[in-house]
1. At a Cα cut-off below 21 Å, give the lysines reachable from B:Lys211, other chains included and same-chain residues fewer than 8 away excluded.
2. Can you give the Kirkwood hydrodynamic radius for chain A, in Å, rounded to one decimal and based on Cα pairs?
3. Quick check on the exposure proxy: order B:Lys284, A:Lys189, B:Lys94, A:Lys227 from fewest to most C-beta atoms within 10 angstrom.
4. Mean residue ellipticity at 222 nm from the helices of chain A, using -39,500 (n - 2.57) per DSSP H segment of n ≥ 4 over the full residue count, to the nearest 500 deg cm²/dmol?
5. In percent, how large is the relative contact order of chain B, given Cα pairs closer than 8 Å and 6 or more residues apart?
6. May I ask you to list, by number, the DSSP H helices of chain B whose Cα span along the axis is at least 30 Å and whose average Kyte-Doolittle hydropathy reaches -0.5 or more?
7. Against the globular-protein guess of 2.2 N^0.38 Å, express the Cα radius of gyration of the range A:1-85 as a ratio, rounded to two decimals.
8. Need one number: nm distance between label points at B:Lys57 and A:Lys267, each 7 Å from Cα along Cα→Cβ, rounded to one decimal.
Amino acid sequence: MSKYKTKRRLLLIGRILILAFFLFIVCLPIYWMLITSLKTTADINTLDIQYWPANPTFQNYENVLQQSNFIYYLKNSVVVSVVTGIIVLFVAITGGYGLSRYKYRGKGVTMLGFLVTQMIPMTLILVPMFLIFHSVNLGDTLTSLIILYVVINVPFCVITMQGFFANIPIAVEEAASIDGCSKFQVITKIVLPIMLPGIIAVFVFAFIGAWNDLLGGVMFINSELNKTLPVGLSSYVGQFSINWGEMCAGGMLALIPSALLFVMVQKYIVEGMTSGAVKG
Amino acid sequence: MNKKKKLEPHIFMTPSYLILLVFLGYPLLNCIRLAFSNYKITQLNNVTFAGFDNFLKIFQDKEIAMISLNTFKFVIFTLALQLVLGFILAMALKRPFRGRGIYQGIVFLPWAFSGFIVGLTFQWLFNAEYGPINDILLKFGLISEKISFLGSPKYALWTVIIALAWQGIPFFGIMILAALQSVDAGLVEAAVIDGANAFQRFWHVTIPCIKPTLIVTIMLRTIWIFNNADIIYIMTNGGPANTSHTLASYMFTKAYSTLDFGYASALGVLFMVGMIIYVCAFVKVTKYNQEDA
C-alpha cells in the first residue's frame, strides 16, 4: 500500500514539474519582452543584464504612440482584420452549411480541395497576386491585403464551420420548416443563434490570421500610411541599430488584441480545430 | 421543385468556389506562366518567353543544395521538437486539475502570436551582447565567451528552429490532448483488468486510438513548417550568407529583394509539383475521403 502511495506521489510531482516547465518556457520570452519594454535605453544596453527593470518607465510606450506612425498601423490592422473576419464568416457560413447539409456529386473532391488549398504556401501566390493587383490598380491598398487574407483563411474556416453545423441535429431545421419557416428564416433565426460560439470562433480565427500576417503586407504595401502593425514595426528591424525598448513596447501593444481575443474564445477555437481531425 | 432542391447546395457553395477560383486558381495559373518567362520587375520592357531557363537557373544555383538541406533540417527538427514537447504537454494536461482552464489559456497562447512577434522576441533573446541566453549560458559556465548566434553560419538556422518550435508546441498540445480525451475509457479499464501495466496500456491502447489524429496533424504540420518564411525573414533574413534560408524563405527573398519574379515563380512551380506528390501520399496514408464518400 505504501509503495503504491509513493509511486502516486512521484507521478504527481513529475506532473507538476512538467507543467511548471511548460509554463516557464512559454512565459520566459513574453516576460523578457515585457521587461525590456519597461526599461530605459541605458538599462537595456548594458552588459550587466537586468532581469528586473532597475528604473521602470513607460517612456517607450509613450514614444511609440506619439512619435511613430503606430496609430496608423493600428488603424489599418484593425480595418483589415475586421473586414477579413466578416467576409470569411459569410463565406464560411454558406460553404459550411452547404457541405454539412447536402449530399451532392463532387462533394468529396471539394473537401479534398479545401484541404489541399490549406497546404499552398502563401509565398507562392504573393508574386502573381502582386502583379494582378497592380494591373487592376489595387497595388499598395488595404483592399489587396483583405483579398489575400480572405483567400488564405477561407478553406480552413469553411471546413471548421462545416463541423459546427454537423453538430446541430437536422431535426431542429425540419421542425422549423414544418412550422412554416422559409429556408432563409430557418438558417438566420434558428440555426445561426445556436451556432454563435462557432461563429465567434471562426471570426476570431480569421481575425488573428489577418492580424498576424507579415509577408503579404511586406510584399504588397509600400506607403507608410497603409502599413499594418507587423509591416510597420518590421521596417525598423532591418535598420542599423534596433531600439529594442520601443520595439518591444510596440510588440506588446500589437500582441494585446489578438491574445485577448484568443483567450476569450480559446475553448471554441480548440473545438473547431480539433473537430475536423479527431473523429471521436 | 426537385430541380431547385438539386441546385441548393451549389448556391451555398458559390461564394467559396468563386473566391478560391478567382483569387487562388487564377494566380496559380499566372505563377506557371511567369515561371516560363523572363520576368524582372526592374526590366518590365524586356519580358520574354524563357522556356526552361528559370528552372535551369535553379538547378545551377550553387546555393540550392545547401538551402534544400537546410529545409530538410528545419522541417525535421522543428517537427520533432513540436511533436515530442506537444505530446508531453498533452499527457500532463489530460487529467483535470484546479486551474487547468487558466493554465491552458496561458500555455496555448503562443499559437496566437504572429511570426513577427515570435521572430523579434527570439532575435532579442539570442542577441549577442545584451541577450539573456548568452548571459545565462555564460553564468552557468556552459560557454566561455558570448556567441553571436544569429550571425554565425553554425547556429543561425538553429535559432530559427527553436523559435518556430516554441510557437508550434501549443498546436500539437491542443490536437493531441483532444485525441487523448476521445480515447474510450472502457478500453483502458479493460486493459487494466487484463493486467496490462501503464506502459502496455499506453503503447497498445492509447497510441493506436490516437494514431489517425496523430498522422493527420503531423502531415499538415510538416507542410506548414515547410511553408513558414516569416520567422526566418525577421530573425536572420536567411543570413549569414544564406545559411539559414529554407526554400520558402529563399523564394520570398528572390521575389521581394531581387525582384526576379520568373525565378521565384519557377521555384513555386516546383513547390506545386512537390505538393501534388505529397497530397497523394497524404490521401493514401490517412485514407482521407473514404469516410466522407
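Read-outs: derived from the displayed coordinates by stated rules, not from any lab. What you see is a predicted model, and the numbers here were worked out from it, not measured in a lab. Ideal geometry is used to build each Cβ from the backbone, glycine not excepted, and the neighbour counts take in all protein chains shown.
1. A:Lys279, B:Lys94, B:Lys284, B:Lys287
2. Computed over chain A, the radius equals 22.2 Å.
3. Ordered by Cβ neighbours within 10 Å, fewest first: B:Lys284, A:Lys189, B:Lys94, A:Lys227.
4. -24500 deg cm²/dmol
5. 29 percent
6. Qualifying helices, which must be both long enough and hydrophobic enough, are B:62-93, B:156-181, B:261-286.
7. That ratio works out to 1.85.
8. 5.5 nm
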